[in-house]
Amino acid sequence: MNTDLLIKQIARHVLGHGYLHLGDMTLLELISTDLGISEDELRHLEQYLNKEKQPIGAYACIQFNDSDTPTSGAYFSFGDYLEAEEMDSYGIHDERIFYYAQGEHDLIALSKPNGGDFVVISYELEFQA
């Protein structure tokens, strides 16, 4: 079955039924039962939906080495810096970006004292809408 067609069919089904309480079933399981979608089609759909959920950055609480007070809301971009546009490759303006990182592994490394100016205390990944 065509994935885009399946997603549209599921969206129409969800809107038409207004699911509020699912019990022990996931929304996809409930819809697949109602629509007669095979387990393989459901697994393919879950993989398709999950591949879109790559983090684009993270908001972090950091502590500068010369301060006793943590600073929250520091944005770490996982995108590339686009100099001509003055933003990252996800459309976040450079003025809002505290640090360009290669991914979550950089945040983990920055959470340990490393001789830099700051340490990451905690973070929450940000996903593209």
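The values are calculated or read from the model by the stated rules, or taken from the named source; none is laboratory data. Keep in mind that this is a model prediction, so the values were computed, not measured. For neighbour counting, all protein chains shown are included, and Cβ atoms are generated from backbone atoms with ideal geometry for every residue, glycine included. Quick note on the areas: whole protein, heavy atoms, side chains included, nothing else; ligands and nucleic acids left out. Shrake-Rupley method; radii C 1.70, N 1.55, O 1.52, S 1.80 Å.
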(request) Within the range 70-84, track down each residue that is open to solvent by 80 Å² or more (accessible area, probe 1.4 Å), of a type outside the set (A, V, I, L, M) and outside any strand (DSSP E or B). (result) ASP80, GLU83
(message) Could you list, ordered by first residue, the pairs with Cβ atoms under 9 Å in which the first is in the range 66-79 and more than 19 Å from LEU107 (Cβ to Cβ) and the second is acidic (Asp, Glu), at least 6 apart or interchain?
(response) ASP66/ASP117
(request) Take GLU104 and decide whether it is in contact (Cβ under 8 Å) with a residue 24 or more places away in the chain and not hydrophobic (A, V, I, L, M, F, W, C). (result) yes
(request) Please find, among ILE56, ILE31, ILE62, ILE37, the residue that is at pLDDT 95 or above and of a type in the set (A, V, I, L, M). (result) ILE62
(message) So, in the range 85-129, exactly how many residues are among the polar types (S, T, N, Q) and open to solvent by 70 Å² or more (accessible area, probe 1.4 Å)?
(response) 3
